[in-house]
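*Asks:* Take a look at this one; I'll ask things after.
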Amino acid sequence: MTDNQRQFPRKDVQIEVELSFLEDSTRTAITRDISQGGLYIQLDNPDYYPMGEMINLRFKNPLNDYEETMKDGVIVRRSEHGIAVAFIEMEEF
């Protein structure tokens, strides 16, 4: 058995998330899981979203009493079922 080395534990939860990418119109998708550091979004076309690209997210955060939340993130992983997004704070840039 291996220990989970993640900085933030994941919570398996399916919520709607609105994502904005480049000049595209806003799209609604469903999460697979979420943590304080990011989330995984289930998509039918994950190859459309390049690794390392910035994305804007809007959702009701289940880790914060479903408060309306807007986050910027960067795509850190893709799979055949979706993308993993790490939250970033714009002050970091």
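*Asks:* Just to be sure I understand: with springs between alpha-carbon atoms less than 10 Å apart, which residue in Glu68, Glu80, Glu23 has the highest mean-square fluctuation in the Gaussian network model of the chain?
*Replies:* Glu23
*Asks:* Would you mind computing, in nm to one decimal, how far apart the modelled labels at Gln14 and Ala86 are, each placed 7 Å from Cα along Cα→Cβ?
*Replies:* 2.8 nm
*Asks:* Just to be sure I understand the model, the point goes 7 Å from the Cα along the line to the Cβ. What's the resulting Asp24 to Glu67 distance in nm?
*Replies:* Modelled inter-label distance: 2.9 nm.
*Asks:* Which label marks the calculated value of Cα Rg over 2.2 N^0.38 Å, given the options (i) 3.13; (ii) 1.05; (iii) 1.40?
*Replies:* Computed from the coordinates, Cα Rg over 2.2 N^0.38 Å corresponds to (ii).
*Asks:* About its Cα centre, what dipole magnitude does region 11-92 give when the only charges are +1 on Lys and Arg Cβ and -1 on Asp and Glu Cβ, stated in debye to the nearest 20? Numbers along the way, then the final one.
*Replies:* Working: 8 positive and 17 negative charges, 50 e Å.
Dipole of region 11-92, to the nearest 20 debye: 240 debye.
No value in this document is a laboratory result; all are computed from the given coordinates. Keep in mind the model is a prediction, meaning the values are calculated, not measured. Neighbour counts are summed over all protein chains in view; Cβ atoms, including those assigned to glycine, are modelled from backbone coordinates with ideal geometry.
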